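Any read-out appearing in this document is the output of simple, stated calculations on the displayed coordinates, not a laboratory observation. Please read these numbers as outputs of a predicted model, since none were measured by experiment. Note that each Cβ is placed from the backbone with ideal geometry, even for glycine, and that neighbours are counted across all protein chains shown.
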Ligand code: FPP
């Protein structure tokens, strides 16, 4: 039996977050330049977005470009930005067809103007869609986000809009870039690295973690179903005992 048939449709994770890793290594193994890996990676993004929507996942967050990725060679950064623009332009009709709403989190002000404009226009165009919310993390890092929210909270206290005693989990969550997005239930990371790499540090507090050796360009729909089945076999306790949650 394939993994798809093993999925319990009434227990689909509401929010799946993915660290898409291994494009460069995949390309190198084929004797190709790194960008070929990123281009193949976009095909995986297309496929996984479609199957996530089909399964009824509500939020899919993809780590497309980290704050640290700005330190890659300029040629790769420029090529990645161009690929993002091409992809967004090419895929907007697919998003419309599948009732998918695009959102972006991260320090978008750092993006080249054309990348920023294309993302914004796609976000606007898809804003009325009611199916899957596809969240692209772009120029994102969790520490950047936490510093930014701390500054905003400090500002609110300084201006007398909030008391120090009022700061609680809800308040902190509401100042993060994900304020309107529930925390991820499942985090997938490809390519065998066992790290979180500055991704959604606050929001992943209770997420189930799934690591696979598979490189992102080779991450098939079947691999995605496998991750969902694995997730469904776990017992999520949120700090409670097994007896309490039964
Ligand atoms: C990780 O592989 C991948 C990235 C840093 C970029 C991923 C971006 C895409 C697949 C394009 C996404 C497009 C949209 C629209 C979301 P790596 O380069 O770190 O691989 P390596 O670890 O093998 O070098």
**OP:** Based on the mean of other Cβ atoms within 10 Å per residue, sort peptides 1-10, 109-118, 130-139 so the most packed one is first.
**Re:** 130-139, 109-118, 1-10
Subject >> Highest to lowest packing among 155-167, 87-99, scored as the average C-beta count within 10 Å >> reply: 87-99, 155-167
Subject >> the chain: most fluctuating residue of 230, 213, 180 per GNM, C-alpha cutoff 10 Å >> reply: 180
Subject >> For the chain, built as a Gaussian network whose Cα springs stay under 10 Å, the top-fluctuating residue of 186, 62, 194 >> reply: 194
Subject >> Inter-probe distance in nm under a simple model that places probes 7 Å from Cα toward Cβ, at residue 174 and residue 82 >> reply: 4.5 nm
**OP:** In a Gaussian network model over the chain where Cα atoms closer than 10 Å are linked, find which of 124, 54, 169 has the largest mean-square fluctuation.
**Re:** 169
**OP:** Figure the gain on full extension for residue 242 and residue 205 (residue separation times 0.36 nm, minus the Cα-Cα span) and round it to one decimal in nm.
**Re:** 11.5 nm
**OP:** Rounded, prolate or oblate: pick one for the stretch 1-86, where a ≥ b ≥ c are the square roots of the eigenvalues of its C-alpha gyration tensor, a/c under 1.5 means rounded, and failing that, prolate if a/b is larger than b/c, else oblate.
**Re:** prolate
**OP:** With an 8 Å cut-off on Cα pairs and a minimum separation of 6 or more residues, tell me the relative contact order of the chain in percent.
**Re:** 29 percent
